[in-house]
Amino acid sequence: MKEEKEKQPINENRKQSGEVTRRGFLVGAGTVVVGGAIGAGLLSSCKGGEMVTTTVTSTKTVPTTITTTVGGPGATITETKTVGAGDTITVTKTETKTGGGLEPWQEPEISSVRSFGLSGFGKGGEAAVVDVKNGKIVRCRSLRFDGIKKDGSDATSTEEERAAAIWKIDARGKTFTALTKSNPNYFTFGYKKCTYSPNRIKYPLKRVDWEPGGDPAKINSQNRGISKFKRISWDEATSIVADEIKRVQSAYGAYAVYAQGDGHGQGKCLQGTHGANMRCLNTVGGYTMQVRNADSWEGWYWGAKHVWGCESWGTQKPQTNIFNDIAHNCDMIVMWGGDPDTTETGFKGQVTGRYLYYLTELGIKQVYVCPDLNYSAAVHADKWIPVYPNTDAALHLAIAYMWITEETYDKDYLDSHSYGFDKFKDYVLGIEDGVPKTPEWASPKCGVPEWTIKAFARDWASKTVTITHGCGGGGLMRTPYGHEPARLEVYLLGMQGLGKPGVNQTVFWIGPEVKWRVRVSYLLDGLLCTQMTPQFIPKPVFAEAVLDGHMETWGSTHLDAPLADQFVKYTYPIPAEEGGTEIHMMWATNPCLTGCWNNSFKTIEAFRSDKIECIVIQHPWLENDCLFADILLPTTSIIEDEDLYFNSGAHIGTVALSRRVIEPVGESKMDREAAMEIAKKLGTYEQFTEGKTQEEWFQFLWGKSEFSKHYTFEELEKKSYVMAPLREDWEEMPAGLSKFYNDPKANPLTNPKGILEYYSDRLAENFPDDMERAPVAKWVIGGSEADGWFHDESRWGERFKQYPLVLVSNHPRWRHHVQCDEIPWLREIPTCKIKGYDGYMYEPVWIHPSDAASRGIENGDIVKVFNERGIVLGGAYVTERIRPGATFQDHGARLDLITDGIDRGGSNNLISPRNGVSANCKGQATSGFLVEVAKVTPDEMEGWRKQYPDAFSRDYDPACGLTYNSWVEGGLD
Amino acid sequence: MKAFVFDSTICHGCYQCQLACKDEHCGNDWTPYAKPQPETGHFWGKLNEYVRGTVPKVKMSYVFVPCQHCKNAPCIDVCSIGAIYAREDGLIIINPKTCTGCQKCIDICSYKAVYYNSNLDIAQKCTGCSHLIDRGWKEPRCSDACPTLALKHGEESDLRDLINRAETLYPEYGLTTRVHYIGLPKKFIAGTVYDSVTKEVVIGATCTLSGDSTATVVTDSYGDFWFNDLEVGTFSLKIEASGYPAKEINSIKTEKDVNLGDISLT
């Protein structure tokens, strides 16, 4: 009989859960409350680990509300149901004990809707659900708007709400329907491993050989990233931080404290990873802000904006209705450097991948121009044109040459919509410099056969084409002189009538327009990251500013700064009479300078400067920049928080309210709480909180949302999320730049002339001698510093002789920038990590079989990627997914320094070029630079192992990488 | 009866099926359906990836391989203690309470879908997330996580249309499976036809494949031709375009996908 039962778990289930299950309540319900009014009739109770459900029969005159509360140790959730008039509610008596009668699968779980957007700034991503049991995370899953259960009993949205939010595109007889489930990124499904990572910072930590007070002999700044940490209490940590702030500000001035709160991070809102430090410092006189530059948008920002405005990032705006426009009007899309199946995921989940299959179904061709067969190209491309890295400008120019000489461009459009096209034409035809930019000229430069260039130009001219990118355009324009290909791309779009149906540029960010704005500006503390301070340091020049003690830039470099800002010169420090001072203390939230920004071996030098007397970092994981801190404050991961989520980038917009479902790991606190603890010690707690409780801030933020006009906070609480309904007229809304196309005078662009500027008068006036960013975009390869060039990173310079491969470093597939490097299940994916002969999981280095053979490299070998700036290691992935002459490694792998200049983790930003896209554009160029790749021989590795035994004795688990224990004295105890 | 359908032509390799499976089973005890999966090394729902062709004619294909829940499952027969059983809905379960870890089921599974958990000394594999299905869920984790709907799970009767045009993975194993495949990667022969004198591609050239199977395509606006869905075999290709002598390429073997490169007709 026993055996029979075990073979039939279905029957066992029915028998045990009885009435409760049939009513669709959670299995093993603990507490059942019946009644129309709050608090009526408690029918059961939880005692310790023992769960008791008592039964009462109650008949009600209704409609009434049944509230089912399921409780387990450490967790409670309430489900609410309304039943019709006259219903008899019967709850059958059952008596169960957890761990006794219930099998594990039957134990009660609670569910919490939140979001795993990884882009910070209060910007959620796709909604997702966390299921929790006994205070521990069971799973992270997609949110089924209509309920995960067959009977829909767990759905809190109504059919009407779903119908209003779930969009459809009908084009050419085929329909694309958004899913009735959220479509989260792959990180979501492993995120509990981030929350429970062995690398979590569990307690406040202090570096063992650092003492407060600023005495160079006692801060041992040279040991940052070398010496370990020891556990201290929150009380001690916050006292130290507050005292250091007071000391540094009184010795040097308020602006001597540097607040870093930018870059990417978990998509929290009130509990945001960005800006809590700034809020705190604002209560004591201010700070020097680290400005977030246009890190993923450099070429657009420094180049394309001069052609078409499109404030503030420089990719096309508006993006309205582009999904619909492409489906109806395009014959072809050209994905130039983009990989939306990869780079969109952290913002909006996976909808683009499915949409690209729909385009194929519609017969819309997809051409991918990129050195690497990226993840989107690998499955969606009808044609892959593998261009040499950072030579796209040659291909652009040859296409323009074909169109001009074959007269297959829209002259009438250019007459009415552009300025200075003749100057560009003169350059293309060689009238200006005697060099016609023919396919024959371009072919050896860009590595694409002449016949393919011609075919591409003609095919494009004969079709209606939108140029598409993933976020930031991948390797196209995060490069030395990236403003040139970016400008040229806009030139080409203009030549084909930019803005007419089916001719736009998109980064696939914006789905159909919704009725109520989901996003509430930048949220609260995050807002501070957008507000300039009197003194600031642009992120790409941080190292220079610290080490040289001063810096100058054209433009603040701020991602949100308008075009005109690029003609303003800024200096650091500002004059002393205005409060200017060098920085002497840093307080960073969620920093990743080493893994996401440029030339970061230099950044490490800056971290080790004794000018910086104290580095405070708050972060959930002991990784990357954290290793250089003096004080570390442990903060929570997104699953531990309670917060509001405004999921605006999602394929279906949602606003969610998430209550606490698990206890914070160790002694970690939410970012805002951590900053508040310091405010308490500074005596400015009241100013920090503005007298509002967290609950009042939730209400405040909710009040800022357009959704609050349609739902009460109590309704949100009850439903846990609400869906963004579409505008009724979204399909009729003007697509992209169609208004500009139809009437450029009435709908001007935001650049000075309001039309496409092929020639920029303003660049000519302000930078008359700039040969790298001339008034007209050109083929720029740079050269030696002696000749006045900013970069020598091309295949035609001196350095190429030593470093004959060009590294492509995209936004990573299996991380979001530096986030999520520790998820063991991702690390098992063949292109995520490669196991070296020593058992270490190396970051893959893609290399073509021909380039591998000539270097004696075999698949799986440990290799080094290097130039004069340093060495990063990797695992050879010998593949046809990369063209010869190029090599590829994602950026952002977790730092694991063997010694200065050698990183085992494979964080190639360490060896990227010095600051600047070009001389007058102090952004970052972190892809498309010269390296050589060589096999690391066992002798070389043994040599390092002997020379740097500490680096090889860190606590390392191949499943997740370095752990907390490797950097903390006494480890977990 | 439950069934899976996997359509390789709309799988973009996000691995969410494999990841969600691990999220569900690693560290979670679903006795009597399954005990916890080890943190790494098991792939109860495994996504395999294939890089096909050479630069610049390269494509990727992904194939999801869980336990096939065979109707004539050899693992059930080989289990001497009767720890493996088929449920009424067809899903096959290894009872973690009674499995003795003899590993005969692992050896006999042609699909290599059964794994040994050395810590627990038991065999483990895909349960079709029957612990969730029995709890009222619509789907197992893998298909629930699939963003492109490449992986579907449900009642065989509801999936009948898809199953009718699907095939079996490795039919040579002779097993009647409940996982059905659409668009399994076969082999391709591709190339670009051009004129090396004018440095132009040749558009509209007729390419005729003969040998183990026959097909005809014309080159597209890039001079490209693609013969897809070929079996492993030996083929000959004839390329004809007006104004050019015909060109023949023989003995093309498709053990691997073939990129013939840029072929000049002059």
Problem - Accessible area buried between chains B and A, both sides summed, probe 1.4 Å, in Å² to nearest 100 - result: 6300
Problem - Label-reachable residues, region B:250-266, where backbone N falls under 18 Å from a point 7 Å from B:Ser196's Cα toward its Cβ - result: B:250, B:260-266
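Quote the convex hull volume per residue of region A:855-973, based on C-alpha atoms, as a whole number of Å³.
141
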Exercise for the section: Indicate the residues belonging to region A:787-833 that lose 30 Å² or more of solvent-accessible heavy-atom surface (probe 1.4 Å) upon moving from the chain alone to the assembly of all protein chains, ignoring ligands and nucleic acids. Expected result: A:Arg813, A:Trp825, A:Glu828, A:Ile829, A:Pro830
Problem - Mean Cβ neighbour count within 10 Å, used as a protection proxy, ranking A:417-430, A:651-664, B:75-88 highest first - result: A:651-664, A:417-430, B:75-88
Practice task
At 37 °C and 0.692 mPa s, grab the translational diffusion coefficient of region A:173-212 from Stokes-Einstein with a Kirkwood Rh over Cα pairs, rounded to a whole number in µm² per second.
Solution key: 221
Completion exercise
Result for region A:428-579: accessible area per residue, probe 1.4 angstrom, in square angstrom, of 28
Fill in the blank from the handout: Rounded to whole angstroms and listed largest first, the alpha-carbon spread of region A:529-628 along its three principal axes comes to 39, 27, 23
Exercise for the section: Compute the whole-percent fraction of alpha carbon pairs in region B:110-196 spaced more than 21 Å apart. Expected result: 52
Exercise for the section: Give me a single rounded figure for A:342-348: the average over its residues of other chain Cβ atoms within 10 Å of their Cβ. Expected result: 1
Problem - Inter-chain shielding of B:20-27 (mean C-beta neighbours from other protein chains, 10 Å cut-off) - result: 6
Practice task
Give the cross-link partners of B:Lys125 among the lysines, using a straight C-alpha distance below 17 Å as the criterion and excluding same-chain residues fewer than 8 apart.
Solution key: A:Lys7, B:Lys2, B:Lys22, B:Lys35, B:Lys46, B:Lys71, B:Lys97, B:Lys104, B:Lys112
Exercise for the section: Determine the dipole magnitude for region A:862-938: charges of +1 sit on the beta-carbon of Lys and Arg, -1 on that of Asp and Glu, nothing else is charged, the reference point is the Cα centre, and the result goes in debye to the nearest 20. Expected result: 120
Exercise for the section: Give the cross-link partners of A:Lys935 among the lysines, using a straight C-alpha distance below 29 Å as the criterion and excluding same-chain residues fewer than 8 apart. Expected result: A:Lys445, A:Lys602, A:Lys801, A:Lys833, A:Lys835, A:Lys864, A:Lys946, B:Lys57, B:Lys59, B:Lys256
Completion exercise
Heavy-atom accessible area of region A:709-817 with neighbours in place, 1.4 angstrom probe: carbon+sulfur share in percent works out to 49
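Sum -39500 (n - 2.57) across every DSSP H segment of at least 4 residues in chain A, then divide by the residue count to get the 222 nm mean residue ellipticity, nearest 500.
Working: 32 runs with 249 residues, N = 973.
Roughly -7000 deg cm²/dmol at 222 nm, from the helical runs in chain A.
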Fill in the blank from the handout: Pseudo-spin-label distance B:Thr9 to A:Glu695, built 7 Å along Cα→Cβ, given in nm, is 5.7
Handout entry: Solvent-accessible area per residue for region B:164-206 (1.4 angstrom probe, square angstrom)
Key = 43
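Quick check: at a probe of 1.4 Å, how many percent of the accessible area of region A:344-391 sits on carbon and sulfur atoms?
Here carbon and sulfur together make up 43 percent of the probe-accessible area.
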Completion exercise
Given all pairs of distinct Cα atoms, chain B yields a Kirkwood Rh in Å of 20.8
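Once you wrap a convex hull around the alpha carbon atoms of region A:745-857, what is its projected area averaged over all directions, in nm²?
Projected over every direction and averaged, the Cα hull of region A:745-857 covers 12.9 nm².
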Practice task
Counting only C-alpha contacts under 8 Å and six or more residues apart, can you give the relative contact order of chain A as a whole percent?
Solution key: 16
Practice task
With an 8 Å cut-off on Cα pairs and a minimum separation of 6 or more residues, tell me the relative contact order of region A:544-607 in percent.
Solution key: 28
Problem - Cα pair count fraction exceeding 51 Å, expressed as % - chain A - result: 21
Handout entry: Unit charges on C-beta of K, R, D, E only; dipole of the protein assembly as shown, Debye
Key = 2480
Problem - In sequence order, calculated HN-Hα J values of region A:837-853 (Karplus, 6.51, -1.76, 1.60; Hz; x Gly/Pro) - result: 4, 8, x, 6, 8, 8, 6, x, 10, 7, 8, 5, x, 5, 5, 5, 4
Fill in the blank from the handout: Taking max minus min of the Cα coordinates of region B:1-105 on each principal axis, largest first, gives extents in Å of 54, 31, 25
Exercise for the section: Using only Cα atoms, tell me the angle between helix A:9-22 and the longest principal axis of chain A; keep it within 0 to 90° and round to the nearest 10. Expected result: 80
Completion exercise
Phi-derived 3J(HN,Hα) across region B:68-78 with the Karplus relation (6.51, -1.76, 1.60, θ = phi - 60°), rounded Hz, x for Gly and Pro, is 7, 6, 4, 5, 10, 5, x, 5, 5, 5, 7
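Across the residues of B:186-193, average count of Cβ atoms on other protein chains within 10 Å?
1
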Exercise for the section: For region A:721-802, just the Cα atoms, rotate onto the principal axes and tell me the three extents in Å, largest first. Expected result: 60, 39, 20
Exercise for the section: Determine the share of chain B's accessible area contributed by carbon and sulfur atoms, expressed in whole percent, with a 1.4 angstrom probe. Expected result: 50
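Please list A:342-348, A:176-182 highest first by mean number of surrounding beta-carbon atoms within 10 Å per residue.
A:342-348, A:176-182
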Practice task
Could you tell me how many degrees, from 0 to 90 and to the nearest 10, lie between the Cα long axis of helix B:16-25 and the main elongation axis, the longest principal axis, of the Cα atoms of chain B?
Solution key: 10
Exercise for the section: Using only the alpha carbon atoms of region A:241-313, find the Kirkwood hydrodynamic radius as the inverse mean reciprocal pair distance, in angstroms to one decimal. Expected result: 14.5
Handout entry: Simple label model, 7 Å out from Cα along Cβ direction - A:Glu236 to B:Asn72, nm
Key = 7.1
Practice task
Can you check what the Kirkwood hydrodynamic radius comes to for region A:693-741, Cα pairs only, in Å to one decimal?
Solution key: 13.4
Handout entry: Accessible surface, region A:825-973, averaged per residue in Å² (probe 1.4 Å)
Key = 30
Completion exercise
Among A:Val546, A:Cys471, A:Gln535, the residue whose Cα sits farthest towards the positive end of the charge dipole of region A:461-550, when +1 is placed on the Cβ of each Lys and Arg and -1 on the Cβ of each Asp and Glu, is A:Cys471
Practice task
Indicate the residues belonging to region B:143-158 that lose 50 Å² or more of solvent-accessible heavy-atom surface (probe 1.4 Å) upon moving from the chain alone to the assembly of all protein chains, ignoring ligands and nucleic acids.
Solution key: B:Asp144, B:Pro147
Practice task
Using the Cα centre as the reference, give the magnitude of the dipole from point charges on the C-beta atoms of region A:475-537 (Lys, Arg: +1; Asp, Glu: -1; all else neutral), rounded to the nearest 20 debye.
Solution key: 180
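Can you give the alpha-carbon Rg of region A:142-184 over 2.2 N^0.38 Å, where N counts its residues?
Against the empirical 2.2 N^0.38 Å value, I get 1.30 for region A:142-184.
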Problem - Sites matching GluC sites (Glu not before Pro) across region B:157-259 that sit in DSSP coil, with at most 13 neighbouring C-beta atoms within 10 Å - result: B:Glu231, B:Glu255
Problem - Cα Rg, Dmax, region A:436-491, angstrom units - result: 12.7, 33
Practice task
Using only Cα atoms, find the angle between the long axis of helix A:450-461 and the longest principal axis of chain A, and express it within 0 to 90 degrees, rounded to the nearest 10.
Solution key: 60
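The values are calculated or read from the model by the stated rules, or taken from the named source; none is laboratory data. Keep in mind that what you see is a predicted model, and the values were worked out from it rather than measured. Ideal geometry is used to build each Cβ from the backbone, glycine not excepted, and the neighbour counts take in all protein chains shown. Just so you know, the surface numbers come from the protein's heavy atoms only, side chains and all, with ligands and any DNA or RNA stripped out. Shrake-Rupley method; radii C 1.70, N 1.55, O 1.52, S 1.80 Å.
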